[in-house]
Amino acid sequence: MSNPSESDRRKPTLRAALVSPTAISNLVASLSLVACVMLPHSVGCNDESLRPIEIMGAEAAEGRPLITLTFFWPYVFGLGTFLLFIALVVVRPRQIERFLIALPIGFSLYLFAIWLLLLFSSTSESRVAMVCAAIVIPSATLVGIRMTWFWMEGQKVAAATWAQTYLSVLAIFSLRWFWMMPIKRLLYGGVLSMIAVTMIMIASWTWTSWAKHDLADENHPAEPFQLSLQQIIFGILFIAIAMTYWRFMEAQ
């Protein structure tokens, strides 16, 4: 006999899942970020235009994969998000929150592994790792506490949203201020990359409203998407901090 709770579920069709707001918003945003790897990101101090795909190839040819893994992780993050939502559209699992939380947790472990490699590498790379830790650990701790609270309260999709949002913020800073090469001037590819990550962040805010209905169970009610006061405050603080940090770095 089938599980009663399973029989109550109305699994979305493949077409319905593919054209749903959750799938479209996340797939378009993440694919846009992946496409930006082909575009000129910035102008370096030597006045050369830097394309991420070309730098990746050069670093791989020189046998320095750690640099590639460290500085180009936002594009890998976009690819991972895209592949996850392709899988969700195809499979449409009942416990969708487990898949949503797996993505940011997986990338958090990925970044932690890179950080350990940097920490125990050369002196300069170890210094970079310690600076990154000083910036990331306080905010990551706060987000981790918030995620744990949501998870214990049974709001697992909300926990996944917070994790995805935080990784998106880190990706934006990585694309501008923690970039591999010194940036003399940001080009349209770099700007579009940051816009694409912002789109991924906003798309994750819809998870709590639409994800279960669109990709798991059409009987689950889809709630109207609206920004909460916390999200508005978070956005305002992020913009303020980013602008202040940008001005500080430009003045150096």
- [ ] Give the residue, chosen from Leu187, Leu192, that is over 20 Å from the mean Cα position of the chain (by Cα), modelled with pLDDT of 75 or more and of a type in the set (A, V, I, L, M, F, W, C).
- [x] Leu187
Open item on the list: Looking only at the range 67-110, filter to residues that are in a loop (DSSP other than H, G, I, E, B) and not polar (S, T, N, Q); which one of those is most open to solvent (accessible area, probe 1.4 Å)?
Closed with: Arg94
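Per-residue answers, yes or no, for (1) of a type in the set (Lys, Arg); (2) on the phi < 0 side of the Ramachandran plot; (3) open to solvent by less than 40 Å² (accessible area, probe 1.4 Å); (4) at pLDDT 85 or above:
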site: Arg127; (1), (2), (3), (4): yes, yes, no, no
site: Met130; (1), (2), (3), (4): no, yes, no, no
site: Phe150; (1), (2), (3), (4): no, yes, yes, yes
site: Ala163; (1), (2), (3), (4): no, yes, yes, yes
site: Trp177; (1), (2), (3), (4): no, yes, yes, no
- [ ] Quickly run through the range 32-91 and pick out the residues that are modelled with pLDDT of 90 or more and farther than 20 Å from Phe173 by Cβ.
- [x] Ala35, Phe82, Leu83, Leu84, Phe85, Ile86, Ala87, Leu88, Val89, Val90, Val91
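How many residues, within the range 141-169, are out of contact with any Pro (no Cβ under 8 Å at 6 or more places or on another chain), assigned to a helix (DSSP H, G or I) and not hydroxyl-bearing (Ser, Thr, Tyr)?
Matching residues across the range 141-169 total 16.
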- [ ] Answer with yes or no whether Ala17 is at pLDDT 90 or above and in a helix (DSSP H, G or I).
- [x] yes
Task: Which listed residue is touching a helix residue (DSSP H, G or I) at 6+ places or on another chain (Cβ under 8 Å), open to solvent by 20 Å² or more (accessible area, probe 1.4 Å) and either at pLDDT below 85 or not in a helix (DSSP H, G or I) (or both), from Met199, Met181 - done: Met181
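The values are calculated or read from the model by the stated rules, or taken from the named source; none is laboratory data. Owing to the predicted nature of the structure, the values given are computational and were not obtained by experimental measurement. Neighbour counts are summed over all protein chains in view; Cβ atoms, including those assigned to glycine, are modelled from backbone coordinates with ideal geometry. Note: accessible area is taken over every heavy atom of the protein model, side chains too, but ligands, DNA and RNA are not part of it. Shrake-Rupley method; radii C 1.70, N 1.55, O 1.52, S 1.80 Å.
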